[in-house]
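To start, the structure itself, in structure tokens.
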Amino acid sequence: MEGADFGVFGLGVMGQNLARNGARNGFKVALYNRSRGRTERMVEAHGEEGEFVPTFDAAGLVASIAAPRPILLMVQAGAAVDEAIGQLLPLLAPGDIVIDAGNSHFVDTRRREVELSRRGLQFIGTGVSGGEQGALWGPSIMPGGTRPAYETVSPIFDRIAAQVDGRPCSTYLGPDGAGHYVKMVHNGIEYADIQLIAEAYDLLTQVTGLDAASMANIFERWNEGDLSSYLIEITARVLSQVDAATGRPLVDLIVDEAANKGTGKWSSQSALDLGAPVSAIAEAVFSRYLSAQREQRVRAARVLPGPPPGRGEEGLVEAIGEALYASKLVAYAQGFEQMRMASAEYGWALDLGEIATIWRGGCIIRARFLERIKEVYEVSPGLPNLLLAPYFVEVLGRAQSSWRKVIKSAIDLGVATPAFSSALAYYDGYRRERSPANLIQGLRDYFGAHTYHRTDRDLSLSFHTNWGEDGSEARV
């Protein structure tokens, strides 16, 4: 019997749906899960969708796949990936391809690629975005690894990925951890995007007094314009959902604690290592941590004073929409700047325009303005920051009045807008020709002799002032 085109190791929801996607697109897919029953139930429920080969141990999985065997690992990031690789290693032959399609940390991916290459095996770390529906009907796929390994599996990736304008939302990103790094930043931007939407919802609730049904209509309308995106679309759906048991909006009954799985934290940590100022992403992560301190917040609400309750001025709804769009543009600009800096640091040569292209469909942050980002990089591939692109300059300049008005209203009424505010602060900081960092450096030189440069001298020269002595200055 002819071998399977690829195998799936791990049949959780994502693993099952990617396997079904592959089978529906004409591939023969071998299946393995640690629990035999899950494999059997999947084949029973979905066996008519395509050609599946159920197997019940790792040896059976490997034996059922045609060489060079591509095996898609769909297990939890971390130790489970190393455990799965450990099971497969004694069974694989040189040239076989292990594909980690979970949310692994790019540092682990770089390590695994080195370890497997020493054994003659090929390793691909690939980001997959789109959730369970994307996995089933077409995700955005972000592979990194060796070019030969990618070329072998690209026919599979291209066919199961989302398609936009006749192009698959999948492309080769670069060696070792490039794919998982791009997925990590994707998730960081997703954190920021969701936080900004939550802040817009909070403003519409607290500042304008609208109910969930009214807000659902607003988000539906916003989704027809520049804000059009998957996240805006599903926000309208969440807000419109009515709880069958109580007749109340379901969103009003959901506990206000947001969980996280680590990718936003990793993105922020990597940005700190690189010196990339991704403030919107970091604020989104911190906001989730603050939401988890629910008991403390309930206690604080009873004792910490704030401004008296009130309502914002008329016309604030449209201003909130403009502020949301401007803040989202900043968050995406920060994420792309981080990827540019990481590409230089790790030697990946990331094509930022291609990344924008494959994010247009399938993934969670797919949005209309990703087409704009793609166009920017087609014209200016070496642009250091998207904020310098004419489209961003125009939109942010036009939106800044509304942006500032919304944040002022939020401050006056005691509504926290950390992501809105940090995005505006980044914008204002980035457009400053001269920042107050001169004082910071003066202070650092005073207490730590860290030296400084002078605006009226060659910038390659360093100076130190004897602040606590005679105030004399010396070149260092």
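Quick note: the coordinates plus some simple rules give every number you see, no bench work behind them. Because the structure is predicted, anything quoted here is derived from the model rather than measured. Glycine gets a Cβ as well: all are built from the backbone with ideal geometry, and neighbour counts include every protein chain shown.
Relative to the current alpha-carbon distance between ASN385 and ALA245, full extension at 0.36 nm per residue lengthens the span by 45.5 nm. Charging the Cβ of each Asp and Glu at -1 and of each Lys and Arg at +1, and nothing else, the dipole of region 6-176 about its Cα centre rounds to 140 debye. Placing +1 on each Lys and Arg Cβ and -1 on each Asp and Glu Cβ, with no other charges, gives region 308-444 a dipole about its Cα centre of roughly 260 debye.
Look at the alpha carbon pairs under 8 Å that are at least 6 residues apart: their mean separation over the length of the chain gives a relative contact order of 12 percent. With axes computed from alpha carbons, what is the tilt in degrees of helix 370-379 against the longest principal axis of the chain, rounded to the nearest 10 within 0 to 90? That works out to roughly 80 degrees. Name the shape class, rounded, prolate or oblate, that the alpha-carbon gyration tensor gives for region 345-472, where a ≥ b ≥ c are the square roots of its eigenvalues, rounded holds for a/c under 1.5, and otherwise prolate holds if a/b is larger than b/c and oblate otherwise. In terms of gyration-tensor shape, oblate. By the beta-carbon count within 10 Å of each Cβ, the least crowded to most crowded order of SER401, SER291, SER268, fewest first, is SER401, SER291, SER268.
Note on region 317-391: Kirkwood hydrodynamic radius from all Cα pairs is 13.0 Å, rounded to one decimal. To the nearest 10 degrees, how steep is helix 212-222 against the longest Cα principal axis of the chain, on a 0 to 90 scale? Its long axis makes an angle of about 90 degrees. As a proxy for reagent exposure, ranking LEU173, LEU72, LEU383, LEU461 by other Cβ atoms within 10 Å from fewest up yields LEU461, LEU383, LEU72, LEU173.
When restricted to Cα atoms, the chain yields an Rg and a Dmax of 25.3, 89 Å, respectively. Where only DSSP H runs of four or more residues are counted, the chain gives -17000 deg cm²/dmol as its mean residue ellipticity at 222 nm, each run worth -39500 (n - 2.57). By other beta-carbon atoms within 10 Å, ranking ASP165, ASP211, ASP351 with the fewest at the front produces ASP165, ASP211, ASP351. Mind checking the alpha-carbon convex hull of region 6-176 and giving the volume per residue in Å³? Roughly 97 Å³ of hull volume per residue.
Each of LEU89, ALA423, PHE27 was scored by the projection of its Cα onto the charge dipole of the chain, and the greatest displacement toward the positive side belongs to LEU89; charges sit on the C-beta of Lys, Arg, Asp and Glu. Taken about its Cα centre, the chain carries a charge dipole of roughly 400 debye when the Cβ of each Lys and Arg holds +1 and the Cβ of each Asp and Glu holds -1.
Peptides 21-30, 55-64, 309-318 ranked from most to least packed by the mean count of surrounding Cβ atoms within 10 Å: 21-30, 55-64, 309-318.
When the pairs LYS28/LYS261; LYS183/LYS374; LYS374/LYS405; LYS261/LYS408; LYS374/LYS408 are compared against a 22 Å limit on Cα-Cα distance, LYS28/LYS261; LYS374/LYS405; LYS261/LYS408; LYS374/LYS408 fall above it. Rounded to the nearest whole Hz, the Karplus-based 3J(HN,Hα) values (6.51 cos²θ - 1.76 cosθ + 1.60, θ = phi - 60°) of region 410-426 follow the sequence 4, 5, 4, 9, x, 9, 6, 10, x, 6, 4, 5, 5, 5, 5, 4, 5, with x at glycine and proline. For ALA4, the residues whose modelled amide H falls within less than 5 Å of its own, excluding neighbours fewer than 5 places apart on the same chain, are ILE65, ALA66.
Angle check, please: helix 316-346 long axis (alpha carbons) against the longest principal axis of the chain (alpha carbons), in degrees 0 to 90, nearest 10. Value to nearest ten degrees: 70. Simple rule: put +1 on each Lys or Arg Cβ and -1 on each Asp or Glu Cβ in the chain, find the dipole, and look at PRO148, LEU61, ALA349; the Cα lying farthest toward the positive end is LEU61. Go through SER279, ILE365, VAL317 and say which Cα lies farthest out towards the positive end of the charge dipole of the chain; charges sit on Cβ, +1 for Lys and Arg, -1 for Asp and Glu. Result: SER279, furthest along the dipole toward the positive end.
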